[in-house]
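Okay, structure first, notes after.
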Amino acid sequence: MNAVAPVIEVDSVVTRFGAQTVHDGVTFSVARGQVAAMIGSSGSGKSVLVREIIGLLRPSAGAVRLLGTDVWTASAGELAALRHRFGMMFQDGALFSSLTVAQNVARPLIEHAAVPPDLLRPLVRLRISLAGLPIDAATKMPSELSGGMRKRAAVARALALEPEVLFLDEPTSGLDPITARAFDTLLRFLCDDLGLTIFVVTHDLDTLLAIVDRVIVLANGKVIAEGPVKEIMQVDDPWVQSYFVSRKNPGRVAGHHGT
Amino acid sequence: MHRLAMNTTEPYCRLVRDGQTATLFLLGTWQLAHLGPIDAALAAEDLPASRVTLDGAALDTLDTAATLALLRRVVAAGAAIGQLANFKQTHAEVIRVVRGRMDERAIEPVRRRRGALAALGVQAFELRDLLAGHLDFLGRSACELANVALRPHTLRRRALTAQFEQVCLNAIPVVVLVTFLIGVVLAYLLGLQTEQYGANIFVVDGVAIGTCRELSPIMVAVIVAGRSGAAFTAQIGTMLLTEEIDAIRTLGLSPMRVLVVPRLLALAVALPLLVFVGDVAGIAGAMTVAGPMLDIMPSTFLTRLHSALPLRHVAVGLGKAAVFAVFIAVIGCRMGMSVSRDARSIGISTTSTVVQSIVVVILLDAFFAIFFEELNV
């Protein structure tokens, strides 16, 4: 575990679906212990890129290294070992609907970690608590939870195996601003206090301004800018400018999106 | 990677007592992967029921799971954590976080246990609700059908054709295969019996009437219940889950008209047609074994068929099929409309559709057998 090597390295990734080119040479890297955010207009292939990084979807060309392992040339065994070292929160939680929250969190622990039986329940409780869920949510079924709680439950499950990296797909979409800010606080806490590297796909400007160390802007199939939020706000690109316009001129409403 | 992971003799901690003070030295990699050995090592140490200083100088990694094991052992021994000595900032932070979130409250689910009698009662009420729901749905479907009959232009022709292709045309191969083989088996079995009396030719009567009146309608209805009934439930259930049904309502359309009517009509037309295909395939199956086994040549077979199979037997089979179709479609659509909002309930409802449809088809068939017997049809 070299502290200097980047945790996520995406190297000239190309993605094509039929005749449509989604990514045309995407390259960036994320260092350990950062909260990195990827922004870009709807349909720019952010979620697709995350799926390529975590080994769910093979890119048409290019390489992805996660925690030093090349995801798409790794053997099945290496990939299985890698899967214990990162967690993923899907957009609507993707909790197993036939299991309670506690069982959802316990599932990866039972499958992959030799947890002593009397430590399993306390460990599940700790995960649920780390994700900021009240403990009485543990016995509920996913269908009984609100959207925000489902997302937290998904984070609890993603944290089960002590991942080094946590991926989140639009963690604050569909949440009210108060819940969304609480979620931001949770991510910052996971990064600062537990040392996780966090990679988040988001549209939420408040998330960017509040907790993100580094922003990666995806547009036209390429990374058009990356850096701290303050630098990104100065980037001379029509899409980036209209993205930030509501914060620069609070009086105006961002009415149109560039392409 | 961690060759020593399972080796419990690897030292993870060492307790040093010095007069009144006790210090627990933590060593090595305290990670989830080593949780078993770590917990065993902690259990082996005789922790004093007083303040314990923790020393983390020789600690490589410390994660929350291992910290939890540590804190639980300390609490269980009646000890308390005193100072944290020589800890890296990050490790001390992890201990602080986990200490703040230790929660020993139980999360045991509340289990409701019922006696056998109570369970029977609950099931009886559930069955009553299910049947009442079906009846209600049947009534609403009938109203919607009457509506469409009065205003034919509201019929969704495209949906109807699409459903018809799906439930009828695409089902033909499997229907032909199954009924052909049933015809073969039936002719073979009857042939073995009639041969003993030299009454080979009566195989034609038996196969023709048996296939057209009973076997083909039942077999085809069971196939369609498994194919189309289950598909209706799964399709409509998934649409409910993805809020498509709500969208249909919001747009001022009726889910009954958009989804149920085309399926019901398509199936009510398709099933009799499939049964007819099944009749032909079954008789063809019988004909193929009748020649080599019973010396009944195709020409003889067809001549006999002409006199042995009055049209009413075929008509009874086709009429029954139309009734089966209505029930299969109503059960399939209604079960789809009543799924609760998770993936598991779609599975349960789909299974339930198939079981209910097959039971209903056989109940109806028994009813028809008595009904037609009384009418001498």
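A few comments on the model shown:
- For the peptide B:339-348, the mean number of other protein chain Cβ atoms found within 10 angstrom of a residue's Cβ is 3.
- Interface area, chains B and A: about 2500 Å² of buried accessible surface, summed, with a 1.4 Å probe and ligands, DNA and RNA left out.
- Magnitude of the charge dipole for the range B:152-301, about its Cα centre and with charges confined to Cβ atoms of Lys, Arg (+1) and Asp, Glu (-1), is about 640 debye.
- For B:ALA58, distant residues with modelled amide H under 5 Å away: B:LEU26
- Residues with amide H under 5 Å from that of B:MET102, placed H, sequence gap 5 or more: none
- Applying the Karplus relation 6.51 cos²θ - 1.76 cosθ + 1.60 with θ = phi - 60° to the range B:338-353 yields 3J(HN,Hα) values of 10, 5, 8, 7, 8, 4, 4, 6, 5, x, 4, 5, 5, 4, 4, 4 Hz, where x marks Gly and Pro.
- The string of couplings for the range A:18-33 from the Karplus curve (6.51, -1.76, 1.60, θ = phi - 60°) is x, 8, 8, 9, 8, 10, 10, x, 8, 9, 6, 9, 10, 8, 5, x Hz, one whole number per residue in order, with x for Gly and Pro.
- The calculated FRET efficiency for the pair B:ILE348 and B:GLU373, based on their C-beta separation and a Förster distance of 22 Å, comes to about 0.05.
- Among the trypsin sites (Lys or Arg not before Pro) in the range B:173-269, none is located in a DSSP loop while being surrounded by at most 16 other Cβ atoms within 10 Å of its own Cβ.
- Projecting the Cα atoms of B:PRO298, B:VAL74, B:GLN163 onto the charge dipole of chain B, computed from C-beta unit charges around the Cα centre, puts B:VAL74 farthest toward the positive end.
- Alpha-carbon centroid distance for the pair the range A:179-199 / the range A:80-150, whole angstrom: 17 Å
- Under 5 Å from the amide H of A:LYS140 lie the amide H atoms of A:VAL101, A:ALA102, each residue being 5 or more positions distant or on a separate chain, with H modelled from the backbone and absent for Pro and chain starts.
- Measuring nothing but protein heavy atoms, the accessible surface of chain B at 1.4 Å probe radius is 64 percent carbon and sulfur.
- Remark: the range A:66-185 carries a charge dipole of roughly 320 debye about the Cα centre, counting +1 on each Lys and Arg Cβ and -1 on each Asp and Glu Cβ.
- Ordering of B:18-29, A:121-132 by burial proxy (mean other Cβ atoms within 10 Å per residue, highest first): A:121-132, B:18-29
- Among the trypsin sites (Lys or Arg not before Pro) found in the range B:84-184, those both in a DSSP coil and sparsely packed, with 11 or fewer other Cβ atoms within 10 Å of their Cβ, are B:ARG105, B:ARG111, B:ARG112, B:ARG113, B:ARG114.
- FRET efficiency, A:ASP118 to A:ALA63 (Cβ-Cβ, R0 41 Å, nearest 0.05): 0.40
- Each other residue within a Cβ distance under 10 Å of A:ASP193 adds +1 if Lys or Arg and -1 if Asp or Glu, for a net charge of 0.
- Where labels lie 7 Å past Cα in the beta-carbon direction, separation of B:THR288 and A:ILE224 in nm: 6.6 nm
- Distance in nm between pseudo-label sites at B:ALA80 and A:TRP72 (7 Å out along the Cβ direction from Cα): 5.8 nm
- Kirkwood radius and radius of gyration were both taken over the C-alpha atoms of the protein assembly as shown, and their ratio Rg/Rh is 1.12.
- Rounded, prolate or oblate (a/c below 1.5 giving rounded, otherwise prolate when a/b exceeds b/c) for the range A:124-195 by Cα gyration tensor: oblate
- Whole-angstrom gap from the range B:160-199 to the range B:314-330, using each part's C-alpha centre: 17 Å
- Computed over chain B, relative contact order equals 17 percent, with contacts defined as Cα pairs under 8 Å that lie 6+ residues apart.
- Magnitude of the charge dipole, chain B, Cβ model with Lys/Arg +1 and Asp/Glu -1, debye to 20: 920 debye
- Folded to 0 to 90 degrees: helix A:117-130 orientation relative to chain A principal axis, Cα: 30 degrees
- Nearest-ten-degree value, helix B:157-167 long axis tilted from longest Cα axis of chain B: 80 degrees
- For the peptide A:97-107, the mean number of other protein chain Cβ atoms found within 10 angstrom of a residue's Cβ is 2.
- Cα-Cα over 32 Å, subset of A:LYS151/A:LYS222; A:LYS140/A:LYS222; A:LYS46/A:LYS230: A:LYS140/A:LYS222
- Residue by residue along A:121-129, Cβ atoms of other protein chains within 10 Å of the local Cβ number 6 on average.
- Sparse-neighbourhood loop sites, chymotrypsin sites (Phe, Trp or Tyr not before Pro) in the range B:151-208 - DSSP loop, at most 14 other Cβ within 10 angstrom: B:TYR197
- C-alpha long axis of helix B:64-76 to longest principal axis of chain B, angle in °: 60 degrees
- Rounded, prolate or oblate (a/c below 1.5 giving rounded, otherwise prolate when a/b exceeds b/c) for chain A by Cα gyration tensor: oblate
The values are calculated or read from the model by the stated rules, or taken from the named source; none is laboratory data. Here the structure is a predicted model, which is why all the values come from computation and not from measurement. Every residue, glycine as well, gets a Cβ built from its backbone with ideal geometry; the counts of neighbours run over all protein chains shown. These area figures cover heavy atoms from the full protein model, side chains too; ligands, DNA and RNA do not enter into them. Shrake-Rupley method; radii C 1.70, N 1.55, O 1.52, S 1.80 Å.
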